[in-house]
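The values are calculated or read from the model by the stated rules, or taken from the named source; none is laboratory data. Predicted model only: the values in this text are computed from it and were never measured. When we count neighbours, we look across all protein chains shown, and the Cβ atoms used for this are built from the backbone with ideal geometry, even at glycine. Accessible surface is based on the protein model in full, side chains and every heavy atom, while ligands, DNA and RNA are left aside. Shrake-Rupley method; radii C 1.70, N 1.55, O 1.52, S 1.80 Å.
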Amino acid sequence: MCHDHDSRPPAPPRSGDVAERGTLTLTSADGTEFSAAYAAPAGEPRVGVVVLPDIRGLHPYYVALAERFAEAGLAAVAIDWFGRTAGVAGSESGVREADFDWQSHIPQTQPASIDADITAAIGYLRERTRPDLPVVTVGFCFGGSHSWRQSGGNLDLAGCIGFYGRPVMVGDASSRARKPTLMLIAGADAATPVEDQLALAATMRSAGADVETAVYDGAPHSFFDRAFGEWEDACTDAWRRILALTDRVAAS
């Protein structure tokens with residue numbers, strides 16, 4: 001089970017004021033318009049984040065997560081997957097509603113189009129902040145897989161972070177992995193065995209990537225949720241690792 005419409009992300013361990021927040025429409029290089037959410041901290045961000053949602057696309061959890069990143073001092077854009085097949089999200093809030101038929105649209109997504117949309121999000125972050133802003137991806141489930149895949153891709157990214165990903169979706173990009181990568185693994189994830197994810201990490205390390213793994217024993221798929229109080233320590237540790245990577249990126 002991925003994050004549902006009513007899920008909300010846990011708070012980061014450091015928090016500041018959010019200067020900007022809201023949904024918008026971005027345009028990919030092929031002219032496709034797609035929904036996104038942007039949030040920025042009150043101070044100058046040292047790193048940007050492109051948030052890659054789960055299979056449901058841009059729903060409220062990811063709008064809230066962009067704001068959480070802004071609270072932690074990072075500029076963030078969360079993107080939707082379905083601009084090419086479902087158009088811009090038609091709800092008044094600019095997000096996918098709970099009854100959105102993502103099942104019929106996910107099979108129509110393509111890695112090249114996803115990369116084009118990520119590129120547009122990177123461009124927007126740099127336009128709103130500064131041209132040399134380092135940017136990382138942070139993905140969940142379907143988005144976690146595509147975030148890990150970026151480690152072996154050609155996009156201008158400084159790091160790749162993913163929760164609950166599926167190694168099969170990373171494909172042969174794992175043998176080209178070069179970018180710093182963080183894999184946050186639910187120990188009781190019924191969707192993907194832990195062993196498969198650790199094997200992916202080993203392949204990526206062999207290719208030359210600096211890969212950090214964290215396995216949260218007993219944690220279910222989508223544990224990074226403020227409603228799951230029993231996994232508060234895991235959520236805090238995941239935040240710590242994410243922010244440690246972004247701090248390293250900022251300092252490099």
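The figures follow:
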| item | result |
| --- | --- |
| Residues (open to solvent by 50 Å² or more (accessible area, probe 1.4 Å) and either farther than 15 Å from Pro220 by Cα or touching a helix residue (DSSP H, G or I) at 6+ places or on another chain (Cβ under 8 Å) (or both)) located in the range 181-194 | none |
| Residue within the range 44-52 that is aliphatic (A, V, I, L, M), surrounded by fewer than 19 Cβ atoms within 10 Å (Cβ to Cβ) and under 30 Å from Arg14 (Cβ atoms) present | no |
| Filter pass, Ala177 being surrounded by 16 or more Cβ atoms within 10 Å (Cβ to Cβ), small (Gly, Ala, Ser), closer than 28 Å to Ser113 by Cβ and in contact with a strand residue (DSSP E or B) (Cβ under 7 Å, 6 or more places away or on another chain) | no |
| Among the residues listed as Phe69, Phe100, the single one being assigned to a loop (DSSP other than H, G, I, E, B) and either of a type in the set (A, V, I, L, M, F, W, C) or modelled with pLDDT of 95 or more (or both) | Phe100 |
| Filtered residues of the range 155-187 (kept if under 17 Å from Ile122 (Cβ atoms), assigned to a loop (DSSP other than H, G, I, E, B) and small (Gly, Ala, Ser)) | Ala158 |
| Qualifying positions in the range 200-252 - under 17 Å from the mean Cα position of the chain (by Cα) and among the aliphatic types (A, V, I, L, M) | Val211, Ala214, Ala238, Ile242, Leu243, Ala244, Leu245, Val249 |
| In the range 176-199, residue farthest from the chain's Cα centre (by Cα) [restricted to those that are touching a residue at least 40 places away in the same chain (Cβ under 8 Å) and closer than 23 Å to Thr246 by Cα] | Pro180 |
| Qualifying residue in the range 58-72 (condition: touching a helix residue (DSSP H, G or I) at 6+ places or on another chain (Cβ under 7 Å) and closer than 21 Å to Pro134 by Cα) | yes |
| The range 1-26 - residue that is outside any loop (DSSP other than H, G, I, E, B) and in contact with a Gly (Cβ under 9 Å, 6 or more places away or on another chain) and, of those, least open to solvent (accessible area, probe 1.4 Å) | Leu26 |
| Unmet criterion (only one of (1) of a type in the set (Gly, Ala, Ser); (2) under 27 Å from Pro111 (Cβ atoms); (3) assigned to a helix (DSSP H, G or I)) for Ala234 | (2) |
| Filter pass, Leu200 being within 24 Å of Val63 (Cα to Cα), surrounded by 14 or more Cβ atoms within 10 Å (Cβ to Cβ) and aliphatic (A, V, I, L, M) | no |
